[in-house]
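Since the structure comes first, as structure tokens, the remarks are kept for the end.
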Amino acid sequence: MATARTIAVLFYNTPRHGMTYRDPGADHYEEQYRSRVVANLRRRATSFGSVLQVDPGGQLAVS
């Protein structure tokens with residue numbers, strides 16, 4: 001129900017305020033998901049007394 005309302009509000013407000021809709025794309029959502037997962041893993045590693053590191057290649061390492 002909340003998703004339907006959000007879509008309806010966007011659909012209504014877009015022409016009303018002269019906005020153009022720009023789809024952020026799948027990559028945007030994948031990056032948000034990855035950031036959320038890394039933040040949760042970092043928090044869990046800290047609770048165990050470890051440090052989570054992300055190397056430039058995107059791999060995770062616990063030290």
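All of the numbers you see were taken from the coordinates with simple rules; none came from a lab. Here the structure is a predicted model, which is why all the values come from computation and not from measurement. Please note: Cβ atoms are built from the backbone with ideal geometry, for glycine as well, and neighbour counts cover all protein chains shown.
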- prompt: Given Val62, Val9, Val37, which one is on the phi < 0 side of the Ramachandran plot and touching a residue at least 12 places away in the same chain (Cβ under 8 Å)?
  reply: Val62
- prompt: Restricting the search to the range 22-39, which residues are more than 8 Å from the chain's Cα centre (by Cα) and exposed (fewer than 11 other Cβ atoms within 10 Å of the Cβ)?
  reply: Arg22, Asp23, Pro24, Gly25, Ala26, Asp27
- request: Scan the range 1-36 residue by residue and report those that are within 23 Å of Gly57 (Cα to Cα) and either touching a Ser or Thr at 6+ places or on another chain (Cβ under 9 Å) or not in a helix (DSSP H, G or I) (or both).
  value: Gly25
query: If you go through the range 52-59 one residue at a time, do you hit one that is surrounded by 10 or more Cβ atoms within 10 Å (Cβ to Cβ), free of Cβ contacts under 8 Å to residues at least 60 places away in the same chain and not β-branched (Val, Ile, Thr)?
result: yes
